[in-house]
1. Taking the dipole about the Cα centre of the stretch 115-238, with the C-beta of Lys and Arg at +1 and of Asp and Glu at -1, give me whichever of 176, 190, 213 is farthest to the positive side.
2. Find the centroid of the Cα atoms in the stretch 170-198 and in the stretch 116-142, then give the distance between the two in whole Å.
3. Run the accessible area of the chain with a 1.4 Å probe and give the carbon-and-sulfur part as a rounded percent.
4. What net charge do the residues around residue 242 carry, taking every other residue with its C-beta under 13 Å from that of residue 242, with Lys and Arg at +1 and Asp and Glu at -1?
5. Give me the compactness ratio for the stretch 160-230, meaning the Cα radius of gyration over 2.2 N^0.38 Å.
6. Multiplying the sequence separation of residue 170 and residue 10 by 0.36 nm and subtracting their Cα-Cα distance, what value in nm do you get?
7. Apply 1/(1 + (r/R0)^6) to the Cβ-Cβ distance of residue 263 and residue 219, taking R0 = 45 Å, and write down the FRET efficiency to the nearest 0.05.
8. Please give the charge dipole size of the chain, origin at the Cα centre, charges +1 on K and R Cβ atoms and -1 on D and E Cβ atoms. Round to the nearest 20 debye.
Amino acid sequence: MTRDNLLVEVTNHVGTLTFNRPEKRNSLTPDMLIRMHLALEEWAKGSEVRCVVVTGGQGQAFSSGYDITAIPTEIAPEMEDLLKSANPIELALHSLENFPYPTLAAWNGFCFGAALNLSVCCDIRVSADDAKFGMPPAKLGLVYHAEGFRQFVDAIGMSATRELFMTAGTYTAHQAREMGVVSHLYPRETFQEEVRRFAASIAGNAPLSLKGAKTILNMLARQTGLTAEQKTLAEQLQAESFASEDLKEGQLAFIEKRSPVFKGI
């Protein structure tokens, strides 16, 4: 029997999305991201789910990021047209960021790459006190997409975003709290219970108040953006990185577990 790689549950107005690929460090597949998008879109139609929790379950990984080796195995008919204009990561990021009620990323363990981007699209982030996180594009030779940068800046500010992307370093949970990336740290032995209690406290508030606050705060966060000309430049920079020799070197170095030797070409 094939194991479900994304667990979807609703209890007492809390909707929980649990990454369930422990043997792959919960790396994100297109299937998982599409199902995440579909669950959020369905929950957004009503008021049953008043707080969403995204987590990696009981193991040591929230998620190691996007699994570039994975391809979709099943695509719902209603998703086929959407996928022509947006990839699975973009769909998941958008539906999470725009969910009408509060969202909570609960780092039970390490969190990297696309999983960190998903996290900053949540309203609140909490972490086990021994988790680690980072944003590795600069070590892989990639220029990250402009919308992703915007989501990081909106969530954690320009200074922290610059440091994460420019160092491509690995940071501790305590550093995450100092940088404002997470708001609370919990001991691993009590983490699950603390998250349940926190989510329940949010979901127990007045639904119209929660929804109104989320809508207004999102509008305020998006007062600035790139012009059409700036978006074009950002896309050109990203395309250049995808075609570079440095990208090939970064990927090879990652596979060979060595430091990359970049040449700027």
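1. Result: 213, furthest along the dipole toward the positive end.
2. Comparing the Cα centres of the stretch 170-198 and the stretch 116-142, I get a distance of 13 Å.
3. Exposed carbon and sulfur together represent 56 percent of the surface.
4. Values: positive: 248; negative: 235, 240, 245, 246.
After counting each charged neighbour, the total is -3.
5. Taking the Cα Rg and dividing by 2.2 N^0.38 Å, one obtains 1.54.
6. 54.3 nm
7. Once rounded, the FRET efficiency stands at 0.55.
8. Computed about the Cα centre, the dipole is about 520 debye.
The values are calculated or read from the model by the stated rules, or taken from the named source; none is laboratory data. Predicted model, so just to flag it, every value in this text is computed and none were measured. Note that each Cβ is placed from the backbone with ideal geometry, even for glycine, and that neighbours are counted across all protein chains shown. Accessible surface areas use protein heavy atoms only, side chains included; no ligands, DNA or RNA. Shrake-Rupley method; radii C 1.70, N 1.55, O 1.52, S 1.80 Å.
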